[in-house]
Each structure stands twice: as C-alpha cells, then as structure tokens.
Amino acid sequence: MAEHPDRNWSLWLGVAITLAIVLPAALSLAWTPYPPAAIDIKARLQGWSPAHPLGTDPFGRDVLSLLMAGARNSIGIALGAVALSVGIGVPLGALAAARGGWLDDLLMRGSDLLFAFPAVLTAIMLAAALGPSMGVAILAIGLFNLPVFARVTRSAAVRIWPRAFVQAARLSGKSRTRITLEHILPNILDQLLVQVTLQLALAILTEAGLGYLGLSVPPPAPTLGRMLADAQSFLAVSPRLAILPGLAIALAVLGLNLLGDGLRDRLDPRLGRQP
Amino acid sequence: MRSLLRIAAALLTIVLASVLVFLALNVLPGDPAAVMLGTEARPDTLAALRRQMGLDQPLPLRWWQWLTGLARGELGTSHTYGVPVAELVAARAVVSLPLALLALLIAVGLGIPAGLFAATRHRRTGDLATMAVALVGLSVPAFWIGILLVLLFAIGLRWLPAGGFPGWGAGIAPGIAALILPAIALGLPQAAVLARVTRTAIVEIMRLDFVRTARSFGLTRTEALRRHALPNALPPIVTVLGLQFSFLLAGAVIVENVFYLPGLGRLVVQSVGGRDLPTLACLVMLLVTAVVAVNLAVDLLLLRLDPRLRHRG
C-alpha cells in the first residue's frame with residue numbers, strides 16, 4: 001500500500017497520544033503510586049509535590065493514582081461496549097448484506113430503532129431500573145453503537161458481493177456463510193478497524209458523560225467523569241482537579257481520533273491524496 | 001409516496017420505542033405496588049393496590065393504555081413533584097429549547113464558515129490549522145468545556161453566572177446570559193463536526209466537472225463556491241446535523257447538570273434520583289420522539305434538496 005508520509009503524522013501522533021493514556025491505565029492494573037481509594041484527610045487538596053506528583057483531592061486521595069485507575073475503568077468500559085456492538089452489529093450487518101430482501105429491511109429498521117436511543121438515555125433508563133453498574137454502562141453504550149457497526153458492515157459488504165471473485169466462489173458451491181467468512185469479512189476488515197477506533201473514541205466520551213452523571217461504575221471505583229463532577233464543588237479552590245481528568249479524557253479521545261483518521265487515509269489511497 | 005413511507009416508518013419506530021421504554025421502566029424494575037408497600041404487605045392489600053393502580057391488567061393492555069394516553073397528552077402525574085408531568089415538561093422546555101437553539105446557532109454559525117474557510121485554503125496552513133482545531137474540538141467532552149468556561153468566565157473573570165437560571169420573568173437578557181456558556185459548551189463540539197463535514201463536501205464538489213466548467217467560463221472562485229458548491233454541499237451537511245441531534249440531546253442532558261439549569265435534561269436526571277419512573281418514562285419517550293422527528297424532518301428535507309432521491313427505490 002502506498003505510503004503518504006505527509007499524512008502519516010496523524011497515525012503516529014495518534015499512536016503516541018493513545019499510548020500515553022493507555023499505558024499508565026494498563027499499569028494501574030498492577031501498580032499505582034497509592035491505592036486509588038486510600039483516603040488521607042490530613043493530606044487533602046495538596047498541590048504538586050514529590051510525594052503526590054499531581055496533588056491530592058478533597059479526601060486526600062492521590063490524583064495520579066485516581067487518574068490511572070479512572071482511565072483504566074473508562075477504557076475498559078469503552079472496550080467492552082465496542083466489543084458488544086462489534087460482536088452483534090458485524091454479524092447482523094453481514095447477514096443483511098448476504099441475504100438482502102426483507103431480512104435486510106428488517107435488520108436495518110431495527111438498527112434505526114436502536115439508533116433513536118441516545119446512549120445517555122438508555123443508560124439513564126437502565127440505571128433507573130437496575131441501578132448503575134459497569135454492565136449497564138457497557139450495555140447502554142454498546143447498544144447505541146451497534147447500529148453503526150451493522151450499517152458500516154452492511155454497506156461495505158454489499159459492495160463486495162457483486163465482485164467476480166465472490167460470484168466465482170458462489171458458483172463453486174460455497175455457502176453464503178462460508179463466503180462471508182472467507183471472502184467478505186477479510187475484505188472489509190480495514191474499514192471495520194477504522195470504525196472500531198473512532199467508536200472507541202466516542203465510547204470514551206459517552207462513558208465520561210455517564211460517569212459525570214453518576215451512571216457509570218459506582219464508587220469507590222474511580223471514573224474520569226465522576227472526578228470531574230466531584231471537582232466542580234472545589235473549582236475556585238482547586239481548578240487542577242477539574243482540569244486533569246478532562247485533559248485525560250480529551251487526550252484519549254484525540255489520540256484515538258487521530259489514529260482513526262490516520263488509519264483511514266492509509267487504508268484508502270484515494271483519500272490519502274487529499275490531506 | 002416516498003415521504004409517506006418515511007413518515008410511516010418513523011411512526012412505527014416511535015411505537016416500537018415505546019415498547020422498549022415500557023419494558024425498561026415498567027417491567028424491569030419489578031412490581032411498583034410491592035415496592036410501595038414493602039415486603040411486609042398482606043397479600044390482599046397488595047392485590048387491592050395492584051387493582052387500584054391497574055397493575056392487574058395484562059401487560060400489552062397496560063402498554064397500549066400508556067401509549068394512547070401519551071398520544072392524547074395525558075402524561076400522568078409526577079411522583080416527586082405531585083404535579084402533572086405535562087406542566088413539568090412545559091416549564092422545563094422553555095429552558096431546554098432555547099438552549100438547544102442557541103447551541104445549534106453557535107454550531108452552524110461557527111462550523112459552516114470554518115469548513116468553507118478550510119475548503120478554500122485546501123491543503124494550506126489555514127486549512128490544516130482549522131482542521132487541527134476541529135479535531136481537538138470534537139475530542140473534548142462538551143461538559144468539560146462547560147466546566148472550563150465556568151472556571152474562566154464565572155470564577156476567573158466574573159463576567160457571567162456560573163449556573164442556575166433566573167427564569168424568563170426576570171427578562172430576556174439575564175435569561176440569555178445564563179444560557180450563553182452552556183450553549184457554547186454544547187455548540188463547540190458540534191461546530192467541529194460540521195466544519196469537518198462542510199470542508200470535505202465542498203472540496204469534493206469543487207473538483208467535479210461542472211464546477212470546473214463553470215470556472216473555465218470565467219466564474220470566480222467565490223462565485224463558484226456560492227452558486228454551485230454550497231447548494232450541493234447542503235445535503236451532507238443537513239444529514240450530519242440530523243445525525244448529530246442525538247449527540248446534542250445527550251450533551252444537553254449532561255451540560256444542563258453542569259450549569260444547574262432547570263431544563264428537561266436535569267429533570268431526567270432528577271427523576272432517576274427520585275425514582276420517579278412514570279415521569280422518566282414520559283421524558284424518555286419525548287426525547288426519543290424528538291430524535292425520530294428530527295431525523296424524519298432531515299429525510300424529508302433531503303428529498304426536497306435532492307430531486308434524485310425521490311426516484312430511487
């Protein structure tokens with residue numbers, strides 16, 4: 001595939017920024033400077049110091065540890081949600097493309113229906129019915145993203161089906177399922193990958209919003225969104241607390257968006273020519 | 001004919017959505033009568049209350065009564081506030097609608113010119129800078145922009161209120177002053193999305209043969225942009241505006257909470273806190289209907305903007 005060095009900075013900058021957030025988040029699985037939930041009232045609302053590089057919150061919790069664990073929770077939920085929507089949306093989209101006809105219509109109407117429910121509303125409804133939890137957040141974001149993957153898969157697969165090599169496979173007696181697995185999916189994988197990156201970015205944004213409303217993982221597990229909600233009462237005293245978690249969210253999303261844009265340009269030479 | 005089909009599909013979507021909302025808020029949480037009476041309730045008291053609340057009716061009938069009630073404007077009574085939900089919605093909508101409108105104004109007023117600017121400086125510094133700003137803009141959560149705006153304009157400079165709403169009774173100016181920061185927070189990410197879409201659409205159209213022909217006949221770049229590129233770029237822009245509405249709405253729910261605005265979004269969150277499920281069910285239906293209606297309006301508008309669509313299967 002042709003390289004477009006003038007545009008590739010987007011891809012590599014995206015990789016760098018994403019890693020800058022993902023690596024500390026992943027590290028938090030094994031190690032954080034302090035336990036994220038450890039309260040130390042004597043050390044509350046401290047500024048930058050060698051002991052607490054990013055200071056402490058109103059409960060004396062170490063902000064760096066909270067950010068690492070919070071980013072891990074946000075990214076985990078986003079990954080779970082995207083896995084859910086890919087796991088259901090891609091097979092449904094591929095099925096719609098392979099069968100066509102009324103099944104296609106039915107599946108696409110169904111995806112319209114789901115798309116009418118913004119993830120925040122679904123999360124609010126499910127949290128009201130079942131109580132907020134990580135599962136509810138994943139389900140709500142995943143359900144909203146599902147139609148996106150169903151549509152992208154369908155429209156990409158529909159363009160592959162009439163191609164000669166697919167028709168040849170059909171004539172050789174392969175079933176539609178086998179053709180989908182062996183010929184269609186490998187050919188649309190790059191487009192799906194771009195979508196996964198962009199939807200991960202959106203999922204992190206949505207999770208942040210849910211966390212802000214208290215509809216994501218319940219406390220004491222930290223989320224970046226709830227850190228922002230908590231920081232609002234201390235805006236005048238400690239603006240740092242309202243800036244750092246937002247910055248972490250924005251960087252994670254920006255990194256993934258750059259990565260997605262870069263991937264798209266790299267995979268689609270036609271777009272690559274027009275940065 | 002195609003418009004009629006679209007309208008029918010939209011209505012069907014709303015009816016199906018009502019099934020989902022009914023199941024999520026009336027069936028999933030369990031028996032409201034049992035919740036009200038607690039675990040110690042005697043079976044006959046429970047049965048009486050269930051009869052009184054209409055819970056002994058079969059589920060499909062209860063759903064149908066709820067839906068037809070909504071369609072007639074009978075939204076029921078709020079548990080928490082003890083007033084009709086319709087009144088509550090009306091009182092909150094006068095905050096939420098102007099907020100959404102203001103945000104839309106900011107998004108369109110900023111996003112489309114920015115996209116045009118970038119398109120005319122395609123691949124030059126102005127384009128790259130605008131697109132970099134747009135990419136950052138769409139990566140930043142609206143509610144965090146809200147918090148930063150409060151930090152800057154309310155706490156730092158003390159120009160505007162940090163939150164709350166004086167009510168329109170206090171006059172137009174204080175009302176707008178209370179809405180301006182939240183509208184900026186909501187509008188900026190949308191403007192970023194619009195700028196990107198506008199730029200792509202314009203760049204693609206300016207490449208097409210008919211624009212090149214027009215240019216070779218001596219039309220200036222600006223003229224070609226205004227007469228040919230902009231009208232043809234409208235369909236993708238309008239489509240994205242429609243698709244973004246659902247994000248605008250979700251953003252509004254959160255941003256209203258950042259600024260303590262007594263709007264519909266805050267009512268949604270408050271009704272979760274107060275476990276006021278009947279109110280919540282009405283609100284969710286209202287918002288979902290709004291999303292469906294906006295997308296329907298966009299589809300119908302596209303049919304008008306692009307005559308080719310009318311003849312496609």
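Buried between B and A is an accessible area of approximately 4000 Å², summed over both sides with a 1.4 Å probe. Working note: Karplus 6.51/-1.76/1.60 with θ = phi - 60° gives region A:48-65 the couplings 5, 7, x, 5, 10, x, 10, x, 10, 9, x, 9, x, 6, 6, 5, 4, 5 Hz, where Gly and Pro are set to x.
Treat every Asp and Glu Cβ in the protein assembly as shown as -1 and every Lys and Arg Cβ as +1, leave all other atoms uncharged, and give the resulting dipole magnitude about the Cα centre to the nearest 20 debye.
In total the dipole reaches around 1760 debye.
Between A:ASP105 and B:LEU157, the distance separating the two model label sites (each 7 Å from Cα on the Cα→Cβ line) works out to 5.6 nm.
So how strong a dipole does chain B carry about its Cα centre when Lys and Arg Cβ are +1 and Asp and Glu Cβ are -1, to the nearest 20 debye? Could you put the intermediate results ahead of the total?
Working: 26 positive and 14 negative charges, 289 e Å.
Using only the charged Cβ atoms, the result is roughly 1380 debye.
Could you rank A:TYR212, B:TYR81 by how accessible they are, 1.4 Å probe, largest area first?
On the way: A:TYR212 25, B:TYR81 100 Å².
Reading off the accessible areas and sorting them downward yields B:TYR81, A:TYR212.
Here is the tail figure for chain B: Cα pairs spaced more than 34 Å apart come to 39 percent of all pairs. Taking amide hydrogens as placed 1.01 Å from N in the peptide plane, the amide H of B:THR77 sits under 5 Å from those of B:VAL85, each at least 5 positions away in sequence or on another chain. Sequence-ordered 3J(HN,Hα) estimates for region A:200-212 from the Karplus curve with 6.51, -1.76 and 1.60 and θ = phi - 60° stand at 4, 4, 4, 5, 5, 4, 5, 4, 4, x, 4, x, 4 Hz, glycine and proline given as x.
As an exercise, use a Förster radius of 25 Å and the Cβ-Cβ distance of A:SER233 and A:SER49 to find the FRET efficiency, rounded to the nearest 0.05. FRET efficiency, A:SER233 to A:SER49: 0.65. Take the Cβ atoms of A:GLN167 and A:ALA30, set R0 to 41 Å, and the FRET efficiency comes out at 0.20.
Measuring with a 1.4 angstrom probe and ignoring ligands and nucleic acids, A:ASP230 comes out at about 80 Å² accessible. Largest to smallest in accessible area, the residues A:ARG109, B:ARG92, B:ARG266 fall in the order A:ARG109, B:ARG266, B:ARG92 (1.4 Å probe, all protein chains included).
Each of B:ALA154, B:THR239, B:ALA290 was scored by the projection of its Cα onto the charge dipole of chain B, and the greatest displacement toward the positive side belongs to B:THR239; charges sit on the C-beta of Lys, Arg, Asp and Glu.
Suppose only helical runs count, i.e. DSSP H with n ≥ 4. What mean residue ellipticity at 222 nm does that imply for chain A under -39500 (n - 2.57) per run, divided by all residues and rounded to the nearest 500 deg cm²/dmol? Mind dumping the intermediate values first?
Details: 11 runs with 194 residues, N = 275.
That comes out to -24000 deg cm²/dmol.
Here the Karplus curve 6.51 cos²θ - 1.76 cosθ + 1.60, taken at θ = phi - 60°, turns the phi angles of region B:89-96 into couplings of 4, 4, 5, 7, 5, 5, 9, 5 Hz, with x standing for Gly and Pro.
With R₀ set to 25 Å, the beta-carbon distance separating B:ALA293 from B:VAL136 gives a calculated FRET efficiency near 0.20.
Heavy atoms of the protein chains alone define the surface here; on that basis the protein assembly as shown has 46 Å² accessible area per residue at 1.4 Å probe size.
Report the one residue of A:VAL217, A:ALA157, A:GLY255 whose Cα lies farthest in the direction of the positive end of the charge dipole of chain A (charges on C-beta: Lys and Arg +1, Asp and Glu -1; origin at the Cα centre). Going by the Cα projections, it comes out as A:ALA157. Annotation: for a label point projected 7 angstrom from Cα along Cα→Cβ of A:LEU130, residues of region A:212-237 with backbone N closer than 14 Å are A:216-218. In region B:120-137, whose amide N lies under 19 Å from the spot 7 Å out along Cα-to-Cβ of A:TRP9? List them in ranges. Of the residues in region B:120-137, B:121-137 have backbone N under 19 Å from the label point off A:TRP9. In chain A, taking the dipole from charged Cβ atoms about the Cα centre, the farthest positive-side position among A:THR177, A:LEU27, A:ALA51 is held by A:THR177.
Per q in 0.08, 0.12, 0.17 1/Å, what log10 I(q)/I(0) does a Debye calculation on the alpha-carbon atoms of chain A return? The Cα Debye sum returns log10 ratios of -0.41, -0.82, -1.26.
Look at where the Cα atoms of region A:220-272 and of region B:197-240 average out, and the two centres are 34 Å apart.
What does the charge dipole of chain A about its Cα centre add up to, to the nearest 20 debye, if the Cβ of each Lys and Arg holds +1 and the Cβ of each Asp and Glu holds -1?
660
When the Gaussian network model of chain B links Cα atoms closer than 10 Å, the mean-square fluctuations of B:GLY265, B:GLY38, B:GLY115 top out at B:GLY38.
The values are calculated or read from the model by the stated rules, or taken from the named source; none is laboratory data. What you are looking at is a predicted structure, and each value in this text was computed from that prediction instead of being measured. Reconstructed Cβ throughout: ideal geometry from the backbone, glycine too, with neighbour counts over all protein chains shown. Just so you know, the surface numbers come from the protein's heavy atoms only, side chains and all, with ligands and any DNA or RNA stripped out. Shrake-Rupley method; radii C 1.70, N 1.55, O 1.52, S 1.80 Å.
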